[in-house]
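Asker: What follows is a single structure, and I will ask about it in a moment.
The values are calculated or read from the model by the stated rules, or taken from the named source; none is laboratory data. Every value quoted in this text rests on a predicted model; they were computed, and no experiment measured them. In this analysis, Cβ positions are derived from the backbone assuming ideal geometry, glycine residues included, and neighbour counts consider all displayed protein chains. To get the accessible areas, we keep the full protein, side chains included, count just its heavy atoms, and leave off ligands, DNA and RNA. Shrake-Rupley method; radii C 1.70, N 1.55, O 1.52, S 1.80 Å.
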Amino acid sequence: MYYQVGNKCLEQTQAENVYFSLVVPQITQDGKIIKPEYNGTLWKLNGQTIKADLPKCDPSENLKSGLDTGWILFGVMAAVYFVSVLKRVLR
């Protein structure tokens, strides 16, 4: 299963590592630092195990979306090139 973090589609453990690594530590009024910590297998915050609730994603759907966008750009560029060639021929 893959999960989305930002614009990336990552496996669950990688996604949680990236997500929790980006969390900015907080400092309480008494000077205590609150931040998620990784013990090698689990992420913990104040001694409690935490899990990220990230949106699911599919790398093949991302690839398909990218290919669709690429073909649209290719079509636009081909049309511009065709118009420029046609313009030169008709002069």
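Asker: Of the numbered conditions (1) surrounded by fewer than 10 Cβ atoms within 10 Å (Cβ to Cβ); (2) modelled with pLDDT of 90 or more, Gly31 satisfies every one except a single condition; which is it?
Answerer: With respect to (1) surrounded by fewer than 10 Cβ atoms within 10 Å (Cβ to Cβ); (2) modelled with pLDDT of 90 or more, Gly31 is out only on (2).
Asker: So the check is Cβ under 9 Å with 6+ separation or different chains; which pairs have a first residue in the stretch 45-73 that's on the phi > 0 side of the Ramachandran plot and a second one that's not in a helix (DSSP H, G or I)?
Answerer: Correct list of pairs: Asn46/Ile34.
Asker: Can you tell me how many residues within the stretch 1-28 are hydroxyl-bearing (Ser, Thr, Tyr) and open to solvent by less than 60 Å² (accessible area, probe 1.4 Å)?
Answerer: Step one: of the stretch 1-28, the residues hydroxyl-bearing (Ser, Thr, Tyr) are 2-3, 13, 19, 21, 28.
This time we only want the ones that are open to solvent by less than 60 Å² (accessible area, probe 1.4 Å), so: 3, 28.
So the count comes out to 2.
Asker: So which residues in the stretch 34-44 are touching a Leu at 6+ places or on another chain (Cβ under 8 Å), β-branched (Val, Ile, Thr) and either touching a residue at least 60 places away in the same chain (Cβ under 8 Å) or open to solvent by 80 Å² or more (accessible area, probe 1.4 Å) (or both), if there are any at all? Spell out how you get there, then give the answer.
Answerer: Of all residues in the stretch 34-44, those touching a Leu at 6+ places or on another chain (Cβ under 8 Å) come to 34-37.
If we keep only those that are β-branched (Val, Ile, Thr) as well, we get 34.
Scanning the stretch 34-44 gives no hits.
Asker: Evaluate the stretch 5-23: report whether one residue or more is over 21 Å from the mean Cα position of the chain (by Cα) and of a type in the set (Lys, Arg).
Answerer: Within the stretch 5-23 (the criterion being over 21 Å from the mean Cα position of the chain (by Cα) and of a type in the set (Lys, Arg)), the answer is no, since none of the residues qualifies.
Asker: Please work out if Lys56 is open to solvent by 90 Å² or more (accessible area, probe 1.4 Å) and modelled with pLDDT under 90. It would help to see each step written out before you state the result.
Answerer: On the way: open to solvent by 90 Å² or more (accessible area, probe 1.4 Å): yes; modelled with pLDDT under 90: no.
For Lys56, the condition - open to solvent by 90 Å² or more (accessible area, probe 1.4 Å) and modelled with pLDDT under 90 - is not met.
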